[in-house]
Every structure is written in C-alpha cells, then in structure tokens.
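The values are calculated or read from the model by the stated rules, or taken from the named source; none is laboratory data. Since this is a predicted model, take the numbers as computed values, not measurements. Quick reminder, even Gly has a Cβ in these numbers, built from the backbone with ideal geometry, and neighbours come from all protein chains shown. Note: areas computed on protein heavy atoms with side chains; ligands, DNA, RNA excluded. Shrake-Rupley method; radii C 1.70, N 1.55, O 1.52, S 1.80 Å.
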Amino acid sequence: MSEQTHISPARVLRELVPASAWEGLAGFPRRPHPAGAVLLHQGESGSHVLALLRGIVKVVRGDRDGRERLLAFRGPGEVLGEVAVQDGGVRLAHVRTLSRCEVSVIPAAAFRAFVTQHDLAFQLALHAVSRLREQTVNGLEVLPVGGQECSPLAACEISPTAAR
C-alpha cells in the first residue's frame with residue numbers, strides 16, 4: 001500500500017441520526033468492560049446490539065482451524081452486532097475490547113424499531129457495504145480508529161478524546 005492510499009472511514013451510526021436519537025440509544029442499560037473482554041461471540045444469535053460509547057474494540061472472525069482474522073477496529077459512535085439483528089442470523093465475528101469500554105445494550109426489537117423510526121434501513125445497508133469494502137479492498141493494512149489510521153500489525157496510540 002502506498003503512502004498516498006487513504007481509507008475513507010465508514011461513517012458511524014452516531015453521524016447518521018440526530019443527536020437526540022443517539023442519546024436515546026445511549027440511554028439503554030450501560031455496561032463497562034475492561035480491556036480484553038469479549039463483547040459479542042461469533043455464532044451466537046442476534047438478541048441485541050451494542051452502542052459503543054467509549055473505548056476501542058477489534059472485530060475478529062474465527063476460522064475452522066481456530067485461527068482468527070482481524071476484520072476491523074471500531075470506536076465510539078459505532079453499533080456492534082447489528083447485522084445479526086437485522087437479518088435474524090448469527091453473529092459473524094467476535095468483538096473484543098482493546099481498551100476500557102462502555103457500551104449501551106439495546107434489545108433487538110428496540111433496535112429494529114429505532115431503524116424504522118429513523119428510516120435507517122438504506123443507510124445501514126450502505127454502512128455495511130462500506131465496512132465490507134474497508135475489509136476487502138484495502139487489505140486491512142491501515143484501518144481508521146478514532147479519527148486516525150492504525151495498522152493491525154502495529155500498536156496504535158489512542159488519545160483519550162478518541163476513546164470517548
């Protein structure tokens with residue numbers, strides 16, 4: 001990858017809805033998690049989504065041989081686990097915290113109502129495509145995290161303001 005190549009970060013859900021709507025999602029029960037915690041497990045049903053309020057997570061997919069492939073880093077303003085909730089399938093990846101995180105736990109039915117109320121179905125589909133493009137076209141050499149670019153193979157300094 002050349003130094004001139006730049007990944008356009010996928011927009012986060014917080015940017016797709018009015019501030020009051022995001023605050024509504026953040027108003028669901030909150031849970032703090034230490035670094036290294038598993039928030040979502042690959043293969044589980046989509047009973048809820050998580051709104052990431054603070055911290056950084058990584059999304060990894062396990063293969064049949066037990067190896068894991070890094071798919072993405074995600075930061076504040078993202079929703080996690082929405083694909084399984086939207087399509088009724090199972091979770092496609094594990095989500096692990098890289099720093100102390102705080103999430104809001106939104107039941108599946110409440111999230112689907114939120115998507116309908118704010119007419120987000122098309123936006124979420126575009127968001128999913130953007131994430132897929134981020135993972136495949138760019139080969140995961142550089143990923144956007146908290147407004148900066150990080151390599152999955154290098155340590156990334158996450159500023160306190162980026163992790164909020």
Listed peptides 124-133, 103-112 by packing density, highest first (mean Cβ within 10 Å): 103-112, 124-133
- line: Env charge @ Arg11, Cβ radius under 15 Å, K,R +1 / D,E -1, value 0
task: Return one whole number: the accessible area per residue of the range 25-97 in Å², for a 1.4 Å probe.
output: 47
field: Label-point separation in nm, Ala26 to Ala113, each point 7 Å along Cα→Cβ
entry: 2.1
message: Need the C-alpha centroid separation for the range 40-73 versus the range 14-31, integer Å.
response: 21
